[in-house]
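Values quoted throughout were computed directly from the atomic coordinates according to the rules given, and no laboratory measurement underlies them. Here the structure is a predicted model, which means the values were calculated and not measured. Cβ placement follows ideal geometry from the backbone for every residue including glycine, while neighbour counts extend to all protein chains displayed.
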Amino acid sequence: MISVKNLKKVFGGNEALKGVSVEINKGDVMCVIGPSGSGKSTFLRCLNLLERPDGGQVIFEGDDLMDKHINLNQHRQKMGMVFQQFNLFPHMTVLENLTCAPMMLKKIDKAAAEKTAMDYLQRVGLADRAASYPNQLSGGQKQRIAIVRALCMEPEVMLFDEPTSALDPEMVGEVLDVMKKLAEQGMTMVVVTHEMGFAREVGNRVLFMDNGLIVEEGTPEQIFEHPKSERLQSFLSKVL
Amino acid sequence: MSAWFAKLHETFIETGYYRLLLQGLGNTLIMTLGALCIGVVIGTLIAVIKYFAEDVPALKPLDMLCDLYVTTIRGIPVVVLLMIFFYVIMTSAEGITVGIIAFGINSGAYMAELIRSGIGAVDKGQMEAGRSLGMSKVQAMRKIVFPQAVRYILPAIGNEMIALLKETSVAGYVAVVDLTRAGNLVRNNTYDAFNPLMAVALTYLLLVVLMSRALKKLERRLAKSDKR
């Protein structure tokens with residue numbers, strides 16, 4: 001579904017990605033782990049070109065996203081993204097947050113967009129907060145809304161950039177539950193995370209990145225039970 | 001005391017000069033509001049162009065033009081600008097029209113910076129969230145970023161309006177009878193300097209106090225909507 005070839009990104013002389021290649025298949029739940037500064041967030045942000053790569057290719061459903069002639073905005077509609085800091089729109093109600101993009105970009109009429117939004121809200125248990133503003137919600141609620149906002153565009157892949165890192169510990173579970181359900185429904189997901197439990201339990205593939213490169217890749221079992229590289233072994237001994 | 005009242009009556013009422021002052025007040029307000037509108041439009045335009053020029057190379061020349069405009073206007077005293085417009089550029093136009101345009105163009109340069117910093121104050125993640133949903137930069141600006149920037153910009157525009165009100169007092173240089181000019185004419189014709197000038201000063205003061213109050217109220221209301 002997404003094939004990444006020799007991806008490179010430089011920030012002011014600092015190489016954040018030094019040539020990353022990976023194939024993401026339909027139905028994959030790929031978890032990306034690694035120490036901070038390893039380039040995993042940059043890698044994720046390059047997938048929908050929020051960060052423009054300095055080299056390599058990102059091919060999404062056969063189209064090279066770096067090609068100037070393709071309509072990037074249309075491709076982005078099919079790639080939902082969830083941010084560490086939620087980034088809900090504070091000047092809109094929850095319902096407006098959810099219906100804004102589908103109405104504007106997919107020309108769905110208000111009633112239909114609201115119906116879809118309410119269905120999703122129901123599923124994450126937040127239907128009663130439809131009229132609230134983001135600042136009235138807890139962190140966990142905000143992040144669940146942010147996930148729903150992306151889902152309302154009916155994307156084919158969901159990108160998660162450390163979705164639980166800004167949350168109070170007691171709220172991490174409710175967000176991970178939503179993500180787990182999503183994975184069970186067969187959504188293709190790429191998840192940058194520090195939640196090793198989630199990566200092990202929900203992911204079907206795990207990437208370990210360090211220093212701008214993929215150091216090791218495999219099933220959760222291979223990565224967590226039989227780490228091959230020394231770097232991964234020392235990383236796991238610190239976080240587990 | 002009664003002598004002073006008699007003097008007031010003589011200076012303003014008997015002569016009918018109060019009408020001149022009212023007319024002057026009207027012109028001052030017209031110029032302030034007109035210039036404010038032009039300033040907001042120019043300022044918004046420049047701020048938006050500069051925002052998009054950051055990653056659209058085609059806008060670079062326009063961006064440089066905006067810089068040139070802001071630098072030039074900020075470096076010229078508004079009276080000089082006003083006279084250039086009246087005596088050189090728009091020689092056949094009426095003073096008040098020239099005033100609105102010159103003060104508007106002047107104010108636009110300051111407004112551009114205010115609006116730009118307002119847009120810059122909105123969290124970068126807001127634009128990213130909009131883009132990640134598939135919005136174009138223009139769509140995300142219009143629907144997501146700008147509405148949030150307004151709450152930072154509005155109070156600053158209020159302050160700019162207060163400054164503008166007082167700036168228009170130089171309109172007399174191009175034969176506009178604004179509040180200041182009207183007061184000066186009354187002084188000249190009645191040989192009473194104290195009362196006309198006091199009347200003018202107090203009117204400005206009153207207007208500024210009223211505008212500041214309205215601004216405070218607005219700020220309080222914006223702060224409240226922040227907390228919701």
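The aspartates and glutamates whose alpha-carbon is closer than 17 Å to the alpha-carbon of A:Lys228, local same-chain residues fewer than 8 away aside, are A:Asp210, A:Glu216, A:Glu217. Shown here for the stretch B:121-228: chymotrypsin sites (Phe, Trp or Tyr not before Pro) in loop regions (DSSP other than H, G, I, E, B) with at most 12 other Cβ atoms within 10 Å, namely B:Tyr191. For the stretch A:9-112, applying the loop criterion from DSSP together with a ceiling of 10 other beta carbons within 10 Å to the trypsin sites (Lys or Arg not before Pro) yields A:Lys68, A:Lys107. Axis of helix A:110-123 versus longest Cα principal axis of chain A: the two differ by about 60°, to the nearest ten degrees. By the Kirkwood approach, averaging reciprocal distances over each pair of separate Cα atoms, the stretch A:146-240 gets a hydrodynamic radius of 14.4 Å. Out of every Cα-Cα pair that the stretch B:2-227 contains, those further apart than 24 angstrom amount to 55 percent. At the listed q of 0.08, 0.11, 0.13 Å⁻¹, the Debye profile of chain A, built from one uniform point per Cα, gives log10 I(q)/I(0) equal to -0.30, -0.58, -0.80. Simple spin-label estimate for B:Asn188 and B:Ser212 gives 3.2 nm between the two label positions (7 Å along the Cα-to-Cβ direction from each Cα). Of interest is the spacing of the C-alpha centroids, which for the stretch A:104-145 and the stretch A:167-240 amounts to 28 Å. Ordered by the number of other Cβ atoms lying within 10 Å of each residue's own Cβ, fewest first, B:Glu94, B:Glu54, A:Glu51 fall into the sequence B:Glu54, B:Glu94, A:Glu51. Think of it as helices only: each DSSP H run of n ≥ 4 in chain A is worth -39500 (n - 2.57), and spread over all residues that comes to -11000 deg cm²/dmol at 222 nm. Label separation (B:Asp55 vs B:Arg221): 3.6 nm, computed from points 7 Å beyond Cα along the C-beta direction. Seen from every direction in turn and averaged, the convex hull around the alpha carbons of the protein assembly as shown projects onto 30.1 nm².
Helix B:194-227 sits at what angle to the longest principal axis of chain B, using alpha carbons and giving 0 to 90 degrees rounded to 10? Long axis of B:194-227 versus the principal axis of chain B: about 20 degrees. When the helices of chain B are scored as -39500 (n - 2.57) per DSSP H run of n ≥ 4 and the total is divided over every residue, the value at 222 nm lands at -25500 deg cm²/dmol. Seen from a random direction on average, the alpha-carbon convex hull of the stretch B:1-79 projects onto 8.1 square nanometres. A simple rule links phi to the HN-Hα coupling: the Karplus curve 6.51 cos²θ - 1.76 cosθ + 1.60 with θ = phi - 60°, which for the stretch A:125-138 gives x, 10, 4, 6, 9, 4, 8, 6, 9, x, 5, 8, 9, 6 Hz, with x for Gly and Pro.
Got a sec? Charge dipole of the protein assembly as shown, +1 on Cβ for Lys and Arg, -1 for Asp and Glu; which of B:Gly39, B:Gly130, B:Gly95 is way out at the positive end? It is B:Gly95, whose Cα lies furthest towards the positive end.
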